[in-house]
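Please read the structure below before turning to the comments.
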Amino acid sequence: MSKPVWPNGCLGALSLTFDDGMPSQLEIAVPLLEKFGFRGTFYLNPGGKDWKERLEPWKKVAEAGHEIGNHTLSHTCSSNFSLDPNSRGTESMSLEEIEEDILEAERRLNEAFQRRKRSFCYPCYEPFVGRGETKKSYVHVVARHFVAGRGRGEIANSPANCDLHYLWSWPVERASGAELVGLAEQVAEGRWGIMTFHGIHQGHLPVADVDLVELLRFLSRNRGRIWVAPVAEVAQRILDWRAGAVD
Ligand SMILES: [Zn+2]
């Protein structure tokens, strides 16, 4: 592991991830990323009867080189969000059921988009099914089918030590441009930072477009220091580096 983990002399890596397939990502985030020459990771839920129509506008996003990731069929997560005693969530699911859900989502994504290595994103950052004594992690299920899985954590990932199938990310909703730049700067000590965005300027958990632009300007000026790439690409780079297979 003596060779540098990051390409082109970069000191750290950063992935910009966008969850839930929101319209503002198509309308605002994708054009901004492309204006600055960056590629992001977009985690989609291909559930429901109209899944083909809903995936349609994302085809050109995939063709432009962004990663389309798997976020389960219908954002399956904890029923603790609901007061309805009959609400279905991960507490009442088995490992087999969550695997079926994820694989059906994968089948649909592979039908709509060119088949590529993709990463997975845990809905609501929760990697569990069951409750109490029968609660189980499904990280190993994700590890069987994906190059990486994105969760949530306090700091940027250590390339030598991180679990690629439960990567830490920063939820950045309502962060200012200066706060986003401050987080990005933290990766320069050799780490891989992942930011989790939802709505851009509108919708739930938003970040303002001017704040995203401030981050992208900073990243553009720091291309020689910070490698910006989709999650699957950075994860593959770490796997190659751990195997001693990078130049
Ligand atoms: Zn989500």
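The values are calculated or read from the model by the stated rules, or taken from the named source; none is laboratory data. Just so it is clear, the model here is predicted, and its values are computed rather than measured. Cβ sites come from the backbone with ideal geometry, for glycine too, and all protein chains shown count toward neighbours. The protein model used for the area step is the full one, side chains on, heavy atoms only, and it has no ligands, DNA or RNA in it. Shrake-Rupley method; radii C 1.70, N 1.55, O 1.52, S 1.80 Å.
Of the candidates Pro23, Pro4, the single residue that is at negative phi and away from the ligand (no atom under 15 Å from the Cβ) is Pro4. Screening Leu109, Leu11 for residues that are more than 16 Å from the ligand (Cβ to nearest atom) and either at pLDDT 95 or above or over 20 Å from the mean Cα position of the chain (by Cα) (or both) leaves exactly one candidate, Leu11. Residues that are within 15 Å of the chain's Cα centre (by Cα) and open to solvent by 50 Å² or more (accessible area, probe 1.4 Å) occur in region 125-148; there is at least one.
Determine if region 15-23 includes at least one residue that is touching a strand residue (DSSP E or B) at 6+ places or on another chain (Cβ under 7 Å) and over 21 Å from Gly151 (Cβ atoms). No: region 15-23 contains no residue that is touching a strand residue (DSSP E or B) at 6+ places or on another chain (Cβ under 7 Å) and over 21 Å from Gly151 (Cβ atoms).
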